[in-house]
Amino acid sequence: NNKQENKEGAKEPLIKTAVMLDWTVNTNHTGLYIAKEKGYFEQQGLEVEILEMGDPGPAQLIAAGQLDFGISYQEQVTNARAADIPVVSIAAVIQHNTSGFASLKEDELERPKDLQDKSYGGWGSPMEHAVINALMKKDGADPEKVNYIDIGAADFFSVIGKQIDFTWIFYGWDGIRAKQENIPLNIIMLRDFADFLDYYTPTIITSEKLIEEQPELVKKFMEATSKGYEFAIEHPKEAAEILIKHAPELNKDLVIESQDWLAQQYQADAPQWGWQEKEVWERYARWMKDQDLLPKMIEIPKAYTNDFLPLR
Amino acid sequence: MRKFMPSLIFFSFLLLLWEYIVKAFQIDKFILPPPSAIFEALINSSLLLLEHSKYTALEAFIGFSLAVFAGMVLAMIISLITAVKKTLYPLVIVSQTVPIMAVAPLLIIWFGYGLLPKVMVVALVCFFPITVSLVEGLEKVDADVIRLLQAMGANKFQVFIKVQLPAALPSLFSGLKISATYSIMAAVIAEWLGASRGLGIYLTRSMHSFQTEQVFAVIIVISGLSLAFVALVEGAGRMLMPWYYKKHSVADQK
Amino acid sequence: MRKFMPSLIFFSFLLLLWEYIVKAFQIDKFILPPPSAIFEALINSSLLLLEHSKYTALEAFIGFSLAVFAGMVLAMIISLITAVKKTLYPLVIVSQTVPIMAVAPLLIIWFGYGLLPKVMVVALVCFFPITVSLVEGLEKVDADVIRLLQAMGANKFQVFIKVQLPAALPSLFSGLKISATYSIMAAVIAEWLGASRGLGIYLTRSMHSFQTEQVFAVIIVISGLSLAFVALVEGAGRMLMPWYYKKHSVADQK
Amino acid sequence: MSVLSGEVHLRIEELSKEYMIKSKQGYAYQRLPTLENISLEVSRGEFVSIIGPSGCGKSTLFNIISGLEKPDAGKVFLQGRDITGLRGKVAYMLQKDLLLPWRSILDNCILALELQNVTRSKARQQAMDMLRELNLGDFSANYPAQLSGGMRQRVSFVRTMLAGKEVLLLDEPFGALDAYTKSEMHDWLTDSFQKYRPTVLFITHDIEEAILLSDRIYVLTPRPAAIRLQIGVDLPHPRTRDLLVRESFVDIKRVLLKELFN
Amino acid sequence: MSVLSGEVHLRIEELSKEYMIKSKQGYAYQRLPTLENISLEVSRGEFVSIIGPSGCGKSTLFNIISGLEKPDAGKVFLQGRDITGLRGKVAYMLQKDLLLPWRSILDNCILALELQNVTRSKARQQAMDMLRELNLGDFSANYPAQLSGGMRQRVSFVRTMLAGKEVLLLDEPFGALDAYTKSEMHDWLTDSFQKYRPTVLFITHDIEEAILLSDRIYVLTPRPAAIRLQIGVDLPHPRTRDLLVRESFVDIKRVLLKELFN
Ligand SMILES: Nc1ncnc2c1ncn2[C@@H]1O[C@H](COP(=O)(O)OP(=O)(O)OP(=O)(O)O)[C@@H](O)[C@H]1O
Ligand SMILES: Nc1ncnc2c1ncn2[C@@H]1O[C@H](COP(=O)(O)OP(=O)(O)OP(=O)(O)O)[C@@H](O)[C@H]1O
Ligand SMILES: [Mg+2]
Ligand SMILES: [Mg+2]
């Protein structure tokens, strides 16, 4: 049924739309590039521009009606909804939180409680304090005894070992990079020590308005995007090559190995790629509210939907 | 050309020193790449850089042109109509302190992610030097020349066309040169607000995938483009104001 | 003061128009907040803004001071030693096209977190206008005055201290004013590269928590700080160069 | 006051002018009487000089004649027609050459013609003719900055004469030139004016210059300017440098020196 | 060449100077002989003028005497001591007043003394005395920009005299003033010099000025400058404006005019 529609649609002029990334292009975004390269978007009658990086970020643009789709993350969507910005998460790009606190192996920081009396290099967001507090308390340590130092946008490799004992990284990028550089690390993965910290990052978002007025467009976009990520899961090597083709500035080895690792992570234990559970949204928002990181509790069912994932 | 030899020699020496230091102290490539690696990156990605440069240069050029147009119109209105000068000019001066970089993100909320907001960032950056330098140029015309034309029976408009405007050209061009210097960088920054191509994208991609030598390569390209743009403006100035560059050549010592 | 009345009235009118448009077209607050909401945000977060301003102002001030020091030393060396002028000055001029914003992230890699890279970004931004304006000021001294002092038996250093330096002050101060204008913004941008406090942090946090009225509030604070800084420099200029501001007062018409 | 020869070309009738200036503190205004009841006449083809102390009001007088400023009282007549306050009726030339640096010598000369909507090619033809006649043809394509001060001032003369007005007001045209160049300019001017015979009103501080060039001289009082004396210069033409040391010349000079310096 | 009176203060012996200048295309150099075998003498307290065509080399001569430039041949003696190429031995004053705008009148005057390491308070005392004596005391605290052109030039004179050098080189000090102001300056200068009696070498283009102020006048040839004539001015002191029309004055003027203009 779907395919027939596509064939007819292909003769019509393509509908232009765009998706904005949350950061510079990296392996998290592979599915989008595959959908573009392999013509999945075109089959759906779409012409999609992939925009990189945005300050203020895609959420506001989407809410302002300037953009259809964007890559975001659960914390941002939660914050946005609490500020009455009507954005909706329509897919989880990666099923589990792949971030963690990294330190040099030789420092032997293996559990949250080991972080006591150590120096954390962060960017000064209240979220970091809340997360570290939560982990250490659960592990029976005194979170007051962490020394916070601001390193801002400086990356892990340029600061680690210089007054800084640990920083917060995404394994799929910095972790792989450390592996390539033969820098042995200990990584305390968030999800291993607190399930409420196993939230969705990144996610794909759109606006309530678009869902209401052009549900078909959202449907088609997700159809193609899903196919893209499913391809990446099946063929990590080819996926890496496609990404490199579209962003040749990237470090090739890093992309290939990161892609290989992420192939296992995209869908993981979920019924299909992109699937989001109510519980994940609920417990994270609740936790944020408890930590005073949210001005008010959000309406969970409005924050996300699985309705636009294709039937598998 | 010969005039720049000492600088070139000194610069080459600096490059050699840099290369030596990086090698001698075994500095990590992603912290400080040696000039040779930067040069290599420049060669290897020359096609890619060219491709990205096209977009950035286009944004810069359109934004610059827009600023030239808007700045000149505003400057003329300010200097022709006293009431406008009194109300608007102080605001123009004060608005120079408005941080355009902080306003830029709002521009994309308002105007979307296409060419428009990038062009507007460039135009905003270029607008003030052009407006202010033209207004100043138009103001500092010798009052006696204006009186002379008035005595000849010229009206305000004729005085403007025949005296003020040509007299303000050198000042205008110094403003244009400042704007041209910053236009490329403004376009790069605008690309950071959201784009799919351009040197700004190349820069962040390189930075975030730990390829510092590519960062340096793109910095060189940005500098080069800026210099080329300034040279173009300078060239236009020489075309439009031959008298300004031709001083003291005939009859210099009679 | 009375001189600025028309501007103030016009500006107030613009604010009213803005308020009206936002209300009339029911524009979302996060897209374009009305001036009243901005004013409210300014009042509500005044303490917070003050706190953040302190850090930004400090970074800007230290960076600016550093640039003043380095720029003046370099400019003096350039104008005293011909060989240095020939080798270094063209490089200084060309390096103005190097995109400092693109170099800034590298500064973090090299100098880590903390005050240093922020101060350096500010210093780099402020350095060129100061150096170039001082060199130009030192150069454009009337050659006849220098000959006069030489005829009196003055050596190069005496000529420099007694003539070139004081003569270059007005030019130096125009450079200082440009630098002061940009110094606060430079500090804000540097904070974007990584900091825990300062107006830059406040700005991104407001932006990312969708509080556009706070973004406007902080833009106003940045403008205000920049203006205050420029006024300070202007004041210093009036103290140091009374002769420059005192022209034509006695014996104007004998 | 009597008309020396021929038809009256320019007549000034009882001009008075007062400026209001700010006092030192800048709060109150203060009256500055500048011209007091000035009447004078210039015949067609006559060269009349005006000398007077610095700041007495000479330039103010010219500003009124040229229409740049309005008198408080009095009228200006050109060939009997009231032109008080009208601009573009006489040609005005200032001490500075005021050539436009972005125009070639030729195009500087046609400025006034352009403002009268003469077509550019016709204006250029006319200007070129006069430049050639006055031996400035070679420089027509140069820019002003390429010429010496004296040459520029000559071009400025040509521009003034090309305005096509029959009365020229010259305000210290040689004030900024050194004595040597000035002397060359006198020769050149005498020659040129012999060719074109314009009616000239000429301001100068230089007594010798006034005597050498004029048919008649008015001496003004210190501010407020009033006419203190007029004196006819009855010396033979063409007047050369030798005259400077001739008895009759020195006699006139003696009178003027006495009038001016006490 | 004979010494007119008293001891020889400044003596110049067979100075020659040639510049090398770039040709129009800027590739080749071209010789420009400027001074040719110039010898002259000035006695203590004597006022000697130098007149000559524009660009003949007058300023070059002063530059050599003051040590700013070196001659190709010849020597400069001050009281019999060879000072060729030495700076700071004579006081030099140019056409422009060249006052430093950021210094008060008083502090402008002490510039040369400062360079000689005289303490500031002593220098100020000395300068204030001279300013008072020459009726400039009221302006001592003002900045140059607040004074008229004539007043500035007077201050420049004071500065030159305060340098404490006994020989003053004055290069067209009145060239930029209008005829009226110039005349006032002559009176002032005659007065002032009567008080201080410096030895003066004075460049001018103005023949009357030269005669009015000098004890002796050298006339130079066109470039390369050589001495064409020297003439003593035997007129009574103090010289007032009346002299200008006196027979004896006009006689000297006639000679000079003839020498200069053919
Ligand atoms: N627009 C004006 N407003 C006020 N005062 C003026 C104005 N123009 C001239 N004055 C004053 O009027 C007086 C006469 O000025 P004017 O320029 O006519 O003198 P002048 O005889 O041409 O002087 P000079 O010989 O210096 O050229 C001066 O005191 C001058 O300051
Ligand atoms: N430094 C120099 N290099 C080359 N040529 C020079 C230099 N200084 C002067 N000349 C030339 O030497 C000649 C004499 O110059 P000088 O200034 O001595 O003349 P002057 O008699 O003072 O002229 P004026 O009457 O115009 O002041 C001129 O042709 C001038 O162009
Ligand atoms: Mg006048
Ligand atoms: Mg000279």
Among the candidates A:Ile204, A:Ile183, residue that is buried (at least 22 other Cβ atoms within 10 Å of the Cβ) and either at negative phi or in a helix (DSSP H, G or I) (or both): A:Ile204
Restricting region D:181-202 to residues that are surrounded by fewer than 20 Cβ atoms within 10 Å (Cβ to Cβ) and within 10 Å of chain E (Cβ to nearest Cβ), the residue that is farthest from E:Ile203 (Cα to Cα): D:Asp187
Matching option when the condition is more than 30 Å from C:Leu165 (Cα to Cα) and either among the hydroxyl-bearing types (Ser, Thr, Tyr) or within 16 Å of ligand 1 (Cβ to nearest atom) (or both), among E:Ser59, E:Ser39: E:Ser39
Where a residue in region C:99-121 is more than 26 Å from B:Thr181 (Cα to Cα) and its partner, wherever it lies, is assigned to a helix (DSSP H, G or I), with Cβ under 6 Å and at least six apart: C:Ile109/A:Ser158; C:Phe111/C:Pro117
Flag for C:Phe128 being surrounded by 20 or more Cβ atoms within 10 Å (Cβ to Cβ) and away from chain E (no Cβ under 14 Å): yes
Qualifying residues in region A:68-80 (those that are modelled with pLDDT under 90 and out of contact with any strand residue (DSSP E or B) (no Cβ under 6 Å at 6 or more places or on another chain)) - the one nearest to B:Gly114 (Cα to Cα): A:Gln76
Count of residues meeting criterion [among the small types (Gly, Ala, Ser), touching a Leu at 6+ places or on another chain (Cβ under 9 Å) and surrounded by fewer than 21 Cβ atoms within 10 Å (Cβ to Cβ)] in region E:75-101: 1
Evaluation of C:Glu40 against (1) surrounded by 20 or more Cβ atoms within 10 Å (Cβ to Cβ); (2) in a helix (DSSP H, G or I) (one fails), failing number: (1)
Residue among E:Arg132, E:Arg154 that alone is more than 14 Å from chain D (Cβ to nearest Cβ) and surrounded by fewer than 21 Cβ atoms within 10 Å (Cβ to Cβ): E:Arg132
Residue count for region C:84-113, restricted to those that are within 7 Å of chain B (Cβ to nearest Cβ) and either part of a loop (DSSP other than H, G, I, E, B) or charged (D, E, K, R) (or both): 5
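Could we say that C:Ile31 is out of contact with any His (no Cβ under 6 Å at 6 or more places or on another chain), under 28 Å from C:Arg205 (Cβ atoms) and not in a helix (DSSP H, G or I) here? I'd like the intermediate steps shown before the answer.
Numbers: out of contact with any His (no Cβ under 6 Å at 6 or more places or on another chain): yes; under 28 Å from C:Arg205 (Cβ atoms): yes; not in a helix (DSSP H, G or I): yes.
Here the answer is yes, as C:Ile31 does meet what is asked.
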When residues of region C:208-223 are limited to those that are among the small types (Gly, Ala, Ser) and closer than 17 Å to C:Leu15 by Cα, the one nearest to the other protein chains (Cβ to nearest Cβ): C:Ser223
Residue ID - farthest from ligand 4 (Cβ to nearest atom), chosen from residues in region D:203-218 that are among the hydroxyl-bearing types (Ser, Thr, Tyr) and more than 8 Å from chain E (Cβ to nearest Cβ): D:Tyr218
Given (1) over 18 Å from the mean Cα position of the chain (by Cα); (2) within 25 Å of A:Ile50 (Cβ to Cβ), number of the condition A:Phe170 does not satisfy: (1)
Considering residues of region E:31-74 that are within 14 Å of chain C (Cβ to nearest Cβ) and within 12 Å of ligand 4 (Cβ to nearest atom) only, the residue surrounded by the most Cβ atoms within 10 Å (Cβ to Cβ): E:Leu61
Residue check, E:Glu209 within 25 Å of E:Pro144 (Cα to Cα), assigned by TED's automatic domain parsing to the domain that holds E:Leu61, within 16 Å of ligand 2 (Cβ to nearest atom) and within 14 Å of the chain's Cα centre (by Cα): no
Residue within region C:1-11 that is within 14 Å of chain B (Cβ to nearest Cβ), of a type in the set (A, V, I, L, M), closer than 22 Å to C:Ala228 by Cβ and not in a helix (DSSP H, G or I) present: yes
Scan of region E:218-262 for residues that are among the basic types (Lys, Arg), buried (at least 18 other Cβ atoms within 10 Å of the Cβ) and not in a helix (DSSP H, G or I), ordered by number: E:Arg223, E:Arg239
Some residue of region A:54-69 being surrounded by 24 or more Cβ atoms within 10 Å (Cβ to Cβ) and in a strand (DSSP E or B): yes
Region A:9-50, residues that are at pLDDT below 95 and in contact with a His (Cβ under 6 Å, 6 or more places away or on another chain): A:Leu21, A:Thr24
Matching residues, region B:65-93, being buried (at least 17 other Cβ atoms within 10 Å of the Cβ), at pLDDT 95 or above and more than 21 Å from B:Lys156 (Cα to Cα): B:Leu66, B:Ala67, B:Val68
Scan of region D:187-217 for residues that are more than 16 Å from ligand 1 (Cβ to nearest atom), assigned to a loop (DSSP other than H, G, I, E, B) and in contact with a helix residue (DSSP H, G or I) (Cβ under 9 Å, 6 or more places away or on another chain), ordered by number: D:Pro198
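Conditions tested, residue by residue: (1) part of a loop (DSSP other than H, G, I, E, B); (2) in contact with a Pro (Cβ under 8 Å, 6 or more places away or on another chain); (3) farther than 14 Å from A:Thr78 by Cα.
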residue	(1), (2), (3)
A:Pro271	yes, no, yes
A:Met288	no, no, no
A:Leu293	yes, yes, no
A:Pro310	yes, no, yes
Region C:143-159, subset facing another protein chain (nearest Cβ under 7 Å) and out of contact with any strand residue (DSSP E or B) (no Cβ under 9 Å at 6 or more places or on another chain), residue nearest to C:Pro170 (Cα to Cα): C:Val145
Number of the exception - B:Leu116 against (1) farther than 30 Å from B:Glu59 by Cβ; (2) among the hydrophobic types (A, V, I, L, M, F, W, C); (3) surrounded by fewer than 21 Cβ atoms within 10 Å (Cβ to Cβ): (1)
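The values are calculated or read from the model by the stated rules, or taken from the named source; none is laboratory data. All values derive from a computational prediction rather than experimental measurement. Positions of Cβ are generated from backbone atoms using ideal geometry, with glycine treated the same way; all protein chains shown enter the neighbour counts.
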